[in-house]
1. Go through (1) part of a helix (DSSP H, G or I); (2) closer than 24 Å to Gly135 by Cα; (3) out of contact with any Leu (no Cβ under 6 Å at 6 or more places or on another chain) and name the single condition Leu100 misses.
2. For Glu119, are the conditions met, namely being assigned to a helix (DSSP H, G or I) and among the acidic types (Asp, Glu)?
3. Any idea which of Glu2, Glu29 is touching a residue at least 12 places away in the same chain (Cβ under 8 Å) and not polar (S, T, N, Q)?
4. Is at least one residue of segment 49-61 assigned to a helix (DSSP H, G or I), at pLDDT 95 or above and out of contact with any Lys or Arg (no Cβ under 9 Å at 6 or more places or on another chain)?
5. Test each condition in (1) within 16 Å of the chain's Cα centre (by Cα); (2) buried (at least 17 other Cβ atoms within 10 Å of the Cβ); (3) not charged (D, E, K, R) for Ser94 and report the one that comes out false.
6. Condition (residue is in contact (Cβ under 8 Å) with a residue 12 or more places away in the chain and surrounded by fewer than 13 Cβ atoms within 10 Å (Cβ to Cβ)) applied to segment 97-113: is it met by at least one residue?
7. Tell me which residues, restricted to segment 25-44, are of a type in the set (A, V, I, L, M, F, W, C) and surrounded by fewer than 16 Cβ atoms within 10 Å (Cβ to Cβ).
8. Search segment 5-26 for residues being touching a residue at least 24 places away in the same chain (Cβ under 8 Å) and acidic (Asp, Glu), and hand back the single one that is farthest from Ile80 (Cα to Cα).
Amino acid sequence: MEYVIRDAKKEDMGQVLALVQELADFEKEPDAVEISKEDLEKDGFGADKQFHCFVAEVGNEIVGIALVYPRYSTWKGPAIHLEDLIVAERMRGSGLGTALLDEVIKYGHGLGVRRICWEVLDWNEPAIEFYEKKGAKVLRDWDVVQMDEQGIKNYIDSLN
């Protein structure tokens with residue numbers, strides 16, 4: 001199957017959001033997606049661009065994405081974070097995941113970053129195996145720490 005990997009355009013964000021929702025469903029978090037197509041358009045293409053997105057396209061349909069944003073490591077310096085690498089379920093095994101990861105690695109290398117980082121669910125063995133085969137280190141002794149919007153609000157309220 002022929003596909004094209006390219007930089008996302010603003011008008012792609014509806015299809016990107018659909019893939020984000022597909023990932024949330026796969027990760028057993030179907031109600032977790034709070035952003036809108038308009039949020040993605042503003043945050044990815046506005047004056048204060050917060051991320052860069054690659055899409056995998058077959059015909060006029062987006063069947064995969066890789067979304068990255070800049071970070072800074074106090075140990076390594078400039079870095080990028082791969083927030084999501086998503087391939088539509090029906091396209092898995094087609095080489096799209098590798099093609100998208102290739103694009104992310106080339107992009108990071110072109111920026112001169114010293115690290116590209118991302119998370120993977122500990123039960124997603126196919127993804128872990130995929131990343132390890134590509135040379136990534138899966139740091140199983142680290143835990144992801146997050147504070148959601150309500151946690152932030154509660155924290156701020158506790159300061160008063």
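1. All conditions are met except number (3).
2. Working: assigned to a helix (DSSP H, G or I): no; among the acidic types (Asp, Glu): yes.
Considered against the rule, which asks whether it is assigned to a helix (DSSP H, G or I) and among the acidic types (Asp, Glu), Glu119 comes out as no.
3. Working: Glu29 fails: touching a residue at least 12 places away in the same chain (Cβ under 8 Å).
Exactly one of Glu2, Glu29 is touching a residue at least 12 places away in the same chain (Cβ under 8 Å) and not polar (S, T, N, Q), namely Glu2.
4. Here is the first cut: in segment 49-61, the residues assigned to a helix (DSSP H, G or I) are none.
No; the residues of segment 49-61 include none that is assigned to a helix (DSSP H, G or I), at pLDDT 95 or above and out of contact with any Lys or Arg (no Cβ under 9 Å at 6 or more places or on another chain).
5. Condition not satisfied by Ser94: (1).
6. Yes.
7. If the condition is that a residue be of a type in the set (A, V, I, L, M, F, W, C) and surrounded by fewer than 16 Cβ atoms within 10 Å (Cβ to Cβ), then Phe26, Ala32, Val33, Ile35 are the ones that fit.
8. Among residues in segment 5-26 that are touching a residue at least 24 places away in the same chain (Cβ under 8 Å) and acidic (Asp, Glu), the one farthest from Ile80 (Cα to Cα) is Glu22.
The values are calculated or read from the model by the stated rules, or taken from the named source; none is laboratory data. Small disclaimer: the values here were computed from a predicted structure and weren't measured. Ideal geometry is used to build each Cβ from the backbone, glycine not excepted, and the neighbour counts take in all protein chains shown.
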